[in-house]
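Each remark here refers to the structure printed beneath this line.
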Amino acid sequence: MNAFLPCGFVYEMTARDRHTGMKAWRDSLKNRVPMEGLNSIAQFFKAGTGPANLYMGLWSGAHVPDGTETAATLQSIVTEVTGYDGATRKTVTLGSVADGGLSNADAMARFQFNATLTVNGAFISTTSAKGGSTGILYSIVRFPTARSVDNSIYMDALAAFQLVSM
């Protein structure tokens, strides 16, 4: 079957000054769902179950997502950014399904940085461990420009998933 319906995550990343709350920058981005994620999503119709949890991580590096990424290969093609609060990647807590979609708008992932870093993109997988290479990679996105962050900035990450009928 070669007719595919569009689906995927849309990200809205907003960085703010930790002390004043003033917006430093905002990026609204559409992702690429790697083939590994597409196959898993299609499997939901057959098996009827999705992943127990999803986690968001950040990355740096020159990689341009092309759909061949997997959870197992991600660490070899990007450098995962780990200089933020918490021992694990950020949990993506999705709300109720409405109009063929859902988001984490009621519980956005917040990254509070504890180092000076460059962030080039984000991803969503089923593995919570920073640097983990197991599970399924559901989404990867590259920012339009590399973003420099440090401990004066926090970033809120909205992730919304949408199925579109054609």
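Only a single criterion out of (1) on the phi > 0 side of the Ramachandran plot; (2) touching a residue at least 40 places away in the same chain (Cβ under 8 Å) is not satisfied by Leu54, namely (1). Being assigned to a helix (DSSP H, G or I), among the aliphatic types (A, V, I, L, M) and over 13 Å from the mean Cα position of the chain (by Cα) narrows it down to one residue among Ala62, Ala42; which is it? Result: Ala42 is the single residue among Ala62, Ala42 that is assigned to a helix (DSSP H, G or I), among the aliphatic types (A, V, I, L, M) and over 13 Å from the mean Cα position of the chain (by Cα). The lone criterion from (1) assigned to a loop (DSSP other than H, G, I, E, B); (2) surrounded by fewer than 17 Cβ atoms within 10 Å (Cβ to Cβ); (3) not aromatic (Phe, Trp, Tyr) left unmet by Glu69 is number (2).
Residues in the range 26-39 that are of a type outside the set (Ser, Thr, Tyr) and either in a helix (DSSP H, G or I) or exposed (fewer than 15 other Cβ atoms within 10 Å of the Cβ) (or both): Arg26, Lys30, Met35, Glu36, Gly37, Leu38, Asn39. Every condition in (1) in contact with a Ser or Thr (Cβ under 9 Å, 6 or more places away or on another chain); (2) farther than 18 Å from Phe123 by Cβ; (3) in a strand (DSSP E or B) is met by Arg16 except one, and the failing one is (1).
The criterion of being modelled with pLDDT of 95 or more, in a loop (DSSP other than H, G, I, E, B) and either out of contact with any His (no Cβ under 6 Å at 6 or more places or on another chain) or surrounded by 21 or more Cβ atoms within 10 Å (Cβ to Cβ) (or both) does not hold for Gly95.
Sub-8 Å Cβ pairs linking a first residue in the range 92-114 that is under 22 Å from Leu58 (Cβ atoms) to a second residue that is part of a strand (DSSP E or B) and basic (Lys, Arg), at least 6 apart or interchain, are Ala109/Lys90; Arg110/Lys90; Phe111/Lys90, ordered by first then second residue. Listed by first and then second residue, the pairs linking a residue in the range 64-79 that is on the phi > 0 side of the Ramachandran plot to a residue that is buried (at least 18 other Cβ atoms within 10 Å of the Cβ) and part of a loop (DSSP other than H, G, I, E, B), with Cβ atoms under 9 Å apart and 6 or more places separating them unless they lie on different chains, are Gly67/Val33; Gly67/Pro34.
Can you tell me which residues in the range 45-58 are within 20 Å of the chain's Cα centre (by Cα) and surrounded by fewer than 21 Cβ atoms within 10 Å (Cβ to Cβ)?
Here is the first cut: in the range 45-58, the residues within 20 Å of the chain's Cα centre (by Cα) are 50-58.
Across the range 45-58, the qualifying residues are Gly50, Pro51, Ala52, Asn53.
Given the structure, is Gly86 modelled with pLDDT of 95 or more, under 23 Å from Thr14 (Cβ atoms), assigned to a loop (DSSP other than H, G, I, E, B) and not hydroxyl-bearing (Ser, Thr, Tyr)? Yes. Those residues that are in a loop (DSSP other than H, G, I, E, B) and over 18 Å from Tyr154 (Cβ atoms), I need them from the range 107-128; list them, please. Of everything in the range 107-128, those that are in a loop (DSSP other than H, G, I, E, B) and over 18 Å from Tyr154 (Cβ atoms) turn out to be Thr126, Thr127, Ser128.
Considering Thr134, Thr127, the condition of being out of contact with any strand residue (DSSP E or B) (no Cβ under 6 Å at 6 or more places or on another chain), β-branched (Val, Ile, Thr) and surrounded by 14 or more Cβ atoms within 10 Å (Cβ to Cβ) is satisfied by Thr127 alone.
Residue under question is Glu80, and the condition is that it be under 24 Å from Pro144 (Cβ atoms), modelled with pLDDT of 95 or more, of a type in the set (D, E, K, R) and surrounded by 14 or more Cβ atoms within 10 Å (Cβ to Cβ); does it hold?
Numbers: under 24 Å from Pro144 (Cβ atoms): yes; modelled with pLDDT of 95 or more: yes; of a type in the set (D, E, K, R): yes; surrounded by 14 or more Cβ atoms within 10 Å (Cβ to Cβ): yes.
Against the criterion (under 24 Å from Pro144 (Cβ atoms), modelled with pLDDT of 95 or more, of a type in the set (D, E, K, R) and surrounded by 14 or more Cβ atoms within 10 Å (Cβ to Cβ)), Glu80 qualifies.
The values are calculated or read from the model by the stated rules, or taken from the named source; none is laboratory data. If you're wondering where the values come from, they're calculated on a predicted model, not measured in any experiment. Here the Cβ is made from the backbone with ideal geometry for all residues, glycine too, and neighbour counts use every protein chain on show.
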